[in-house]
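A.B. asks: Structure incoming, see below.
Derivation of every value follows stated rules applied to the coordinates shown; laboratory data play no part. As the structure is a computational prediction, the values presented were derived from the model and not from experiment. Cβ atoms come from the backbone with ideal geometry, glycine included; neighbour counts cover every protein chain shown.
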Amino acid sequence: MRKQVLLVTLVAIVAAVGLVYAAEGYKDTPMLPGGKWHVHDSDRPQPVAVNPGTFSTQDAPGKPPSDAVVLFDGKDLLKWKGDGGKEPAWVIADGAARVAGGGITTKQEFGDFQLHIEWSAPNPPKGAGQGRGNSGVIIFGRYEVQVHDSYKNPTYADGSAAAIYGQFPPLVNPSLPAGQWQTYDIVFVVPRFKDGKVDTPAYLTVFFNGILVHNRVALFGPTGHRSAPPYREHPLKGSISLQDHGEPVRFRNIWIREIKDYDQQ
Ligand code: MG
């Protein structure tokens with residue numbers, strides 16, 4: 001008899017735990033703005049599980065997250081085209097792609113995104129100012145995050161490494177010496193247009209070697225050399241280019257994740 005009671009109690013506990021686990025949350029809590037979800041809503045979808053990959057070291061690139069589009073893994077530039085749609089002329093060696101014979105542009109286009117990219121300035125350094133280790137990550141052919149050997153190599157602040165070229169210098173300068181691998185983690189929000197005019201601007205957040213250097217800054221418009229061009233309407237998706245500024249900068253471990261809205265499975 002005692003055994004039976006124990007068994008029934010045990011079954012009841014397991015069932016109760018199961019019930020709570022299956023529908024943990026509430027439907028009697030305040031509604032969040034937007035009118036879709038309660039606070040701690042039991043019906044709210046679970047976030048998609050992602051393997052985050054690994055961080056890079058100077059010796060080896062890390063592994064991209066499981067849901068990233070890998071743009072360059074050290075082997076080939078099949079995801080890229082060269083200037084004028086030709087094959088990229090960049091040289092691939094030792095798991096890196098080296099600038100040569102024009103810029104390269106992704107074949108695929110992306111909307112709002114998180115981009116990871118690693119680069120290394122030529123070592124020993126050659127040239128000075130803008131002419132040392134210059135390249136760039138050019139978003140949608142319009143918005144450049146500068147690549148530049150800014151280690152003990154001053155130039156105009158809004159043209160140094162990780163600057164939003166001609167608009168915003170990085171908040172600090174965490175540059176490493178030439179020859180070392182450096183990382184950018186870039187979050188880009190595409191500008192939205194209404195009736196041909198900018199409705200919400202482009203936003204950039206940038207981590208440079210893990211250090212925040214732009215905090216969701218609103219761009220004034222496309223970036224330019226000695227110019228401040230105004231916004232011109234463009235699609236919600238675009239490509240990413242890497243600049244040939246005539247210096248053999250190397251790149252590795254390039255991946256991108258398009259940013260989805262909350263609750264999208
Ligand atoms: Mg540049």
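A.B. asks: 222 nm [θ] for the chain, helices only, -39500 (n - 2.57) per DSSP H run of 4+, per residue, to 500?
C.D. replies: -2500 deg cm²/dmol
A.B. asks: For the chain, with a Gaussian network of springs between Cα atoms less than 10 Å apart, report the residue from Gly129, Gly159, Gly34 with the top mean-square fluctuation.
C.D. replies: Gly34
A.B. asks: Which part of region 164-188 falls in the paramagnetic zone of Tyr262, meaning amide N under 20 Å from the point 7 Å along Cα-to-beta-carbon?
C.D. replies: 188
A.B. asks: Treating cross-link reach as a plain straight distance, find the lysines whose alpha-carbon is under 20 Å from the alpha-carbon of Lys126, omitting any fewer than eight places away in the same chain.
C.D. replies: Lys152
A.B. asks: Right, something else. Note down the net charge around Leu171, summing +1 for each Lys or Arg and -1 for each Asp or Glu among other residues with Cβ under 15 Å from its Cβ.
C.D. replies: Around Leu171, the charge tally is -1.
A.B. asks: Calculated FRET efficiency, Leu78 and His40, Cβ-Cβ r, R0 41 Å, to nearest 0.05?
C.D. replies: 0.35
A.B. asks: Roughly how tilted is helix 2-22, in degrees to the nearest 10 and between 0 and 90, from the longest Cα axis of the chain?
C.D. replies: Relative to the chain, helix 2-22 is tipped by roughly 30 degrees.
A.B. asks: While we're here: From the backbone phi of region 107-119, what are the Karplus-calculated ³J(HN,Hα) couplings (6.51 cos²θ - 1.76 cosθ + 1.60, θ = phi - 60°) in whole Hz, Gly and Pro given as x?
C.D. replies: Per residue, the Karplus-derived 3J(HN,Hα) values read 6, 7, 10, 9, x, 3, 8, 10, 10, 10, 8, 10, 9 Hz.
A.B. asks: Out of residues 5 or more away from His38 or on other chains, whose amide H comes under 5 Å of its own, with H placed 1.01 Å from N in the peptide plane?
C.D. replies: The answer is Leu32.
A.B. asks: Using DSSP to define loop residues, name the chymotrypsin sites (Phe, Trp or Tyr not before Pro) in region 90-119 whose beta-carbon has at most 15 other beta-carbon atoms within 10 Å.
C.D. replies: Passing both the DSSP loop test and the Cβ count: no residue.
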